[in-house]
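The values are calculated or read from the model by the stated rules, or taken from the named source; none is laboratory data. Computed from a predicted structure; not experimentally measured. All Cβ positions, glycine included, derive from the backbone under ideal geometry; neighbour counts span all protein chains shown.
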Amino acid sequence: MTAPDRDFGPPSAITRRKMLKTAGMVAAGAGLAVSASASSSRIQDRVRPAASMSEAFEYRLLLGWINDNSNRPLSGGRWPITTVDEQTVREYKSFLRTAHDCGYNGITLWGLYASHAWTVPLNDSLEPRRRRLIDRILNDAYKLDIRVLYGLGVYRWGFEEIIKHDPATARNEGRIAWGSYQSDNGVAMCYHSESARQWMRDIVDLCVKEVGTQGFGFQSGDLGRCYCSQCRRMTDTEYHSRVINETAEYIKRQHPKQIVGMSAWGVDLGDGAEALNQLTSHLDFLTDVTDQSERKGREYRRSLTARLPCALGSLGGAVIVPPQRWHRDCWFLPLAEMTARSIRSLHEDGGRAFEYFMGPMANLQFDIMTRFAGRLLSNPQQSCEQALSQVVERLFEPANRGATADIVRWLIDVEHGYLTRAGDISSGEFDFEPLKGETAGEPIYLTRLSSEALIGYGNDLERLSKQIPALGTQCRRRQELQLIGRCMENVLRDVRQVLAIRANTH
């Protein structure tokens, strides 16, 4: 399959942060979890032992919207598309088996039952046909001892219809999103509203009692927070601490077997452990999404892991967001060394949680990297090369150790070909295409490169592509390398097209 036609116009990178900061649209997080028996235990006891380099991460999680790992392109709707059908169920059956085999013990899923808004009444969100499909996915996870955590927006993400139905939940006095004031607010409920508090608790109870969630993955900051005359008296840290702690405390009191974590999108973690004590006092783990704490210095991050009441985690610094609307053979960018550095440094600093952003296994980048990250999280003492060798042996079946080493080196060379020219991408969101739009978008991961860098990257890809046939002769499973070759051909086509457009515009 060749790469689809796309708009290669002027760069228009729309990242999650930019889109959520400026838009009034809401996508509700609604990952619902498997039924849990009364004897179900949490992933680990709340009390963490002293850190040891021999320990696996306590929370080895995958993360994403329900279709981030879809093996087919999805278009015709705004991000995130959350349609579910029989193919979705089949793909999750295989995906979860791989996750289990590679050492993951949980997955935080968004958009299982609601996408852009909770339905009023809430029970109508659990549409019967969809529920039958989702239940099959959840049962597969349950059989594999993979905990499914419910991706839950706290006072934002998914409340648009609730706010319309019950205006007492919000005040139209604006909101603060990513440090900027936004005059519109039909998306964030007010902390001082008793009605909003009750809706929040009703949603929690629905997830636990109706479906049987095994945990929650919170977000409270990426769409911003209420900035009414009362809420604006609180700092951002105070606001997020209150809404998170209040919701987490309710869950721990009413549903004590639930795991509760938080992804700190749009939340400042830079004021020290004491400032974060209320935020984290009822959490099991806190994910430092963009590695804020590491950027303040590893001693600062170590102080957090030593003093916070919960495990500190990461997404690996860079959030590698899979294309939603591209064919699955249109990119290939394994990032093993970058990911290994992130995992190892977090572990050395005492972090014991990690959420790896999932993607379609039909693209060998995500197949390789999902397996690779799971193995490292299970055994952080391994080197990058050791963990990658295990994945190579499983996927390609090389004839001998020398062939394994050749493919490992080749994969790292592919990574270097891009990273040596793109600069530091190890913190924040990394998108292949814009999130905004309903059709396949331009390759913004290429348009971000200068023409000189793009020419160099293309030359490296051509050189490395020519090595694939020789690598294949050393493997019993050559079809995977052939698929990688097709992906690289499509990337090269994109590189040439971007360069041609630039040449024609000057």
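The set of residues in the stretch 144-186 being of a type in the set (A, V, I, L, M) and over 14 Å from residue 243 (Cβ atoms) consists of 144, 146, 148, 149, 162, 163, 168, 177. Of the residues making up the stretch 431-463, those that are surrounded by 19 or more Cβ atoms within 10 Å (Cβ to Cβ) and either more than 25 Å from the chain's Cα centre (by Cα) or among the charged types (D, E, K, R) (or both) number 7.
Of all the numbered requirements in (1) surrounded by 16 or more Cβ atoms within 10 Å (Cβ to Cβ); (2) at negative phi, residue 103 misses one, and that requirement is (2). Of the residues making up the stretch 429-475, those that are over 22 Å from residue 326 (Cβ atoms) and part of a loop (DSSP other than H, G, I, E, B) are 450, 466, 467, 473, 474. The lone criterion from (1) assigned to a loop (DSSP other than H, G, I, E, B); (2) surrounded by fewer than 21 Cβ atoms within 10 Å (Cβ to Cβ); (3) modelled with pLDDT under 95 left unmet by residue 237 is number (1). So, residue 156, is that one buried (at least 19 other Cβ atoms within 10 Å of the Cβ) and farther than 19 Å from residue 115 by Cα or not? Answer is no for this residue. When the residues of the stretch 464-487 are filtered to those that are farther than 17 Å from residue 406 by Cβ and hydrophobic (A, V, I, L, M, F, W, C), the one that is farthest from the chain's Cα centre (by Cα) is 483. Scanning the stretch 215-230 for residues that are within 18 Å of residue 256 (Cβ to Cβ) and over 19 Å from the mean Cα position of the chain (by Cα) yields a count of 0.
I'd like to check something: does the stretch 34-55 contain any residue that is modelled with pLDDT of 95 or more, out of contact with any Gly (no Cβ under 6 Å at 6 or more places or on another chain), of a type outside the set (A, V, I, L, M, F, W, C) and under 25 Å from residue 209 (Cα atoms)? Taking every residue of the stretch 34-55 in turn, none turns out to be modelled with pLDDT of 95 or more, out of contact with any Gly (no Cβ under 6 Å at 6 or more places or on another chain), of a type outside the set (A, V, I, L, M, F, W, C) and under 25 Å from residue 209 (Cα atoms).
When the test is whether a residue is hydroxyl-bearing (Ser, Thr, Tyr), over 23 Å from residue 111 (Cα atoms), within 25 Å of the chain's Cα centre (by Cα) and surrounded by fewer than 15 Cβ atoms within 10 Å (Cβ to Cβ), residue 180 passes it. One residue is enough: does the stretch 324-336 have a residue meeting the conditions closer than 27 Å to residue 305 by Cβ, surrounded by 23 or more Cβ atoms within 10 Å (Cβ to Cβ) and either of a type in the set (A, V, I, L, M) or touching a residue at least 60 places away in the same chain (Cβ under 8 Å) (or both)? Looking through the stretch 324-336, at least one residue is closer than 27 Å to residue 305 by Cβ, surrounded by 23 or more Cβ atoms within 10 Å (Cβ to Cβ) and either of a type in the set (A, V, I, L, M) or touching a residue at least 60 places away in the same chain (Cβ under 8 Å) (or both). Hey, any hits in the stretch 387-396 for a residue that's outside any strand (DSSP E or B), under 22 Å from residue 491 (Cβ atoms), aromatic (Phe, Trp, Tyr) and free of Cβ contacts under 8 Å to residues at least 60 places away in the same chain? No, the stretch 387-396 contains no residue that is outside any strand (DSSP E or B), under 22 Å from residue 491 (Cβ atoms), aromatic (Phe, Trp, Tyr) and free of Cβ contacts under 8 Å to residues at least 60 places away in the same chain. No other residue among 59, 92 is within 18 Å of the chain's Cα centre (by Cα) and touching a residue at least 60 places away in the same chain (Cβ under 8 Å) apart from 59. Residues of the stretch 167-220 that are of a type in the set (Lys, Arg) and modelled with pLDDT under 95: 171, 175, 209. Taken residue by residue, the stretch 300-315 has no member that is touching a residue at least 40 places away in the same chain (Cβ under 8 Å) and in contact with a Cys (Cβ under 6 Å, 6 or more places away or on another chain).
Considering each of 468, 444, 425 in turn, give the residue that is in contact with a helix residue (DSSP H, G or I) (Cβ under 6 Å, 6 or more places away or on another chain) and either in contact (Cβ under 8 Å) with a residue 24 or more places away in the chain or of a type in the set (A, V, I, L, M, F, W, C) (or both). Exactly one residue qualifies, and that residue is 468. Taken together, 144, 223 contain a single residue that is among the hydrophobic types (A, V, I, L, M, F, W, C), out of contact with any Asp or Glu (no Cβ under 7 Å at 6 or more places or on another chain) and modelled with pLDDT under 95, which is 223. Residues of the stretch 259-268 include none that is more than 24 Å from residue 188 (Cα to Cα), in contact with a strand residue (DSSP E or B) (Cβ under 9 Å, 6 or more places away or on another chain) and part of a loop (DSSP other than H, G, I, E, B).
Answer with yes or no whether residue 275 is under 19 Å from residue 303 (Cα atoms), surrounded by fewer than 17 Cβ atoms within 10 Å (Cβ to Cβ) and among the aliphatic types (A, V, I, L, M). Here the answer is yes, as residue 275 does meet what is asked.
Return a yes/no flag: does the stretch 97-109 have any residue that is over 18 Å from residue 61 (Cβ atoms) and touching a Leu at 6+ places or on another chain (Cβ under 8 Å). So far as the stretch 97-109 goes, no, none of its residues is over 18 Å from residue 61 (Cβ atoms) and touching a Leu at 6+ places or on another chain (Cβ under 8 Å). Within the stretch 281-309, restricting attention to residues that are in a loop (DSSP other than H, G, I, E, B) and touching a Gly at 6+ places or on another chain (Cβ under 8 Å), which residue is surrounded by the most Cβ atoms within 10 Å (Cβ to Cβ)? For the stretch 281-309, the residue satisfying everything is 284.
Of the residues making up the stretch 147-162, not a single one is in a helix (DSSP H, G or I), over 25 Å from residue 231 (Cβ atoms) and not basic (Lys, Arg). Looking at this structure, is residue 417 among the small types (Gly, Ala, Ser), assigned to a helix (DSSP H, G or I), modelled with pLDDT of 95 or more and over 25 Å from the mean Cα position of the chain (by Cα)? The answer is no for residue 417.
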